[in-house]
Amino acid sequence: MTERVIPPRVVAAERIASEAGFKKSCIPEVGRLLGLAAAAKPHGVIAESGTGSGVGTAWLHSGLGAAARLVTVERDEELARRAAGVFADDERVSVLTGDWRLLEEQGPFDVFFCDGGGKRDDPQRVVDLLAPGGLLILDDFTPSPDWPPRFEGEVDELRLFYLTHPDLEATEVLTTPFSSVVVAARRS
C-alpha cells in the first residue's frame, strides 16, 4: 500500500512542535479534513484560533486556493514566531500573536478551525464569525454513542451547543476510535 503524502509545511511545523515540546498539534486525520475544507473555499477567508506550532495551519494551507487568505492566531509569542517562519514565503498567510479575538477584525470566515480560544469561552461569537455558508471545524471531542452526547458521564453542553445551534447545520465525525470533530456550516 502506498503511504499518504504529508505536506512539507506540515513536516516543518511538526519539527517545530517536537523541538518546542508542544504536544497539542493537529492529528493527520483532522489535518486532512482541514485541507479539504480550505480547498472547498478557493476564494475564501480561512481562520484558525490556536496556531500552536503551525501544524493545523499547514494542513489548512495544503488546500488553500490561490485567491484565498489564511489568518491564524496564537497566544504564545515564541510558538507564533516560529510558526510564522513556516509561511514566511506566502503572503496569503498571516500569523498573529495574541488573543483569539484578534480574528474578529479579519472575518467573516468561510472556514474557521476553532482549535484554541473561543470554542469554550465564547461559542456564540465563534458562530457569529462565520460567513453564510462558512464551515466551522472543532476538534478534540471524545466520541459519544448517546444523544444528547455525553462526556465523563455528563451531558456535553458545549458539543450540544454546536450540534443543535439554529444557525448551523452540524454533525459529528469520527476521526479515530477515540476522537471526533464537529463540522458545521452556517445557514444562509
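The values are calculated or read from the model by the stated rules, or taken from the named source; none is laboratory data. Because the structure is a prediction, the values reported are computed rather than measured. Cβ sites come from the backbone with ideal geometry, for glycine too, and all protein chains shown count toward neighbours. Only protein heavy atoms, including side chains, enter the accessible area calculation; ligands, DNA and RNA are left aside. Shrake-Rupley method; radii C 1.70, N 1.55, O 1.52, S 1.80 Å.
Filter the range 172-188 for residues that are under 25 Å from Pro108 (Cα atoms) and open to solvent by 70 Å² or more (accessible area, probe 1.4 Å) and give the result.
Arg187, Ser188
Collect the residues in the range 66-84 that are among the acidic types (Asp, Glu) and either part of a loop (DSSP other than H, G, I, E, B) or within 19 Å of Ala185 (Cα to Cα) (or both), keeping them in residue-number order.
Pass one, the range 66-84, residues among the acidic types (Asp, Glu): 74, 76-78.
Asp76, the sole residue that qualifies.
Would it be correct to say that Pro145 is at pLDDT below 95, more than 22 Å from Glu74 (Cα to Cα) and exposed (fewer than 15 other Cβ atoms within 10 Å of the Cβ)?
Details: at pLDDT below 95: yes; more than 22 Å from Glu74 (Cα to Cα): yes; exposed (fewer than 15 other Cβ atoms within 10 Å of the Cβ): yes.
Criteria met by Pro145.
Going by the conditions given, is Asp110 touching a residue at least 40 places away in the same chain (Cβ under 8 Å) and over 27 Å from Phe178 (Cα atoms)?
The answer is yes for Asp110.
From Asp115, Asp167, which residue is buried (at least 20 other Cβ atoms within 10 Å of the Cβ) and either of a type in the set (S, T, N, Q) or touching a residue at least 40 places away in the same chain (Cβ under 8 Å) (or both)? Spell out the reasoning first.
Details: Asp167 fails: buried (at least 20 other Cβ atoms within 10 Å of the Cβ).
It is Asp115.
Listed residues Arg4, Arg32, Arg15; which is in a helix (DSSP H, G or I), among the basic types (Lys, Arg), free of Cβ contacts under 8 Å to residues at least 40 places away in the same chain and closer than 25 Å to Leu174 by Cα? Outline the logic, then answer.
Details: Arg4 fails: in a helix (DSSP H, G or I); Arg15 fails: closer than 25 Å to Leu174 by Cα.
It is Arg32.
Any idea which residue in the range 3-54 is most open to solvent (accessible area, probe 1.4 Å), counting only those that are more than 16 Å from the chain's Cα centre (by Cα), over 16 Å from Val86 (Cα atoms) and at pLDDT 95 or above?
Per the criteria, the residue is His43.
Which of the residues spanning the range 55-104 are within 12 Å of the chain's Cα centre (by Cα) and among the polar types (S, T, N, Q)?
Within the range 55-104, Thr57, Thr72 qualify.
Residues checked against (1) in contact with a strand residue (DSSP E or B) (Cβ under 6 Å, 6 or more places away or on another chain); (2) not polar (S, T, N, Q):
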{"position": "Leu130", "(1), (2)": "yes, yes"}
{"position": "Gly133", "(1), (2)": "no, yes"}
{"position": "Phe141", "(1), (2)": "yes, yes"}
{"position": "Ser179", "(1), (2)": "no, no"}
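Which of the strands (runs of 3 or more DSSP E) found entirely inside the range 85-184 contain at least 1 residues meeting this: among the hydroxyl-bearing types (Ser, Thr, Tyr)?
Working: elements: 93-97, 109-114, 130-141, 168-176.
In the range 85-184, 93-97, 168-176 are the strands (runs of 3 or more DSSP E) which contain 1 or more residues that are among the hydroxyl-bearing types (Ser, Thr, Tyr).
Based on what the data block shows, is Pro132 out of contact with any Ser or Thr (no Cβ under 8 Å at 6 or more places or on another chain) and open to solvent by 60 Å² or more (accessible area, probe 1.4 Å)? Outline the logic, then answer.
Numbers: out of contact with any Ser or Thr (no Cβ under 8 Å at 6 or more places or on another chain): no; open to solvent by 60 Å² or more (accessible area, probe 1.4 Å): yes.
Criteria not met by Pro132.
Filter the range 101-128 for residues that are touching an Asp or Glu at 6+ places or on another chain (Cβ under 7 Å) and at pLDDT 95 or above; which is nearest to Asp76 (Cα to Cα)? Explain how you work it out, then say what you get.
Going residue by residue through the range 101-128, those that are touching an Asp or Glu at 6+ places or on another chain (Cβ under 7 Å) are 113, 115, 117, 127.
Right, trim to at pLDDT 95 or above and you get 113, 127.
Values: Phe113: 18, Val127: 24 Å.
Selected residue: Phe113.
Could you list, in sequence order, the residues of the range 72-111 that are buried (at least 23 other Cβ atoms within 10 Å of the Cβ), in contact with a strand residue (DSSP E or B) (Cβ under 8 Å, 6 or more places away or on another chain) and among the β-branched types (Val, Ile, Thr)?
Thr72, Val73, Val93, Val95, Val111
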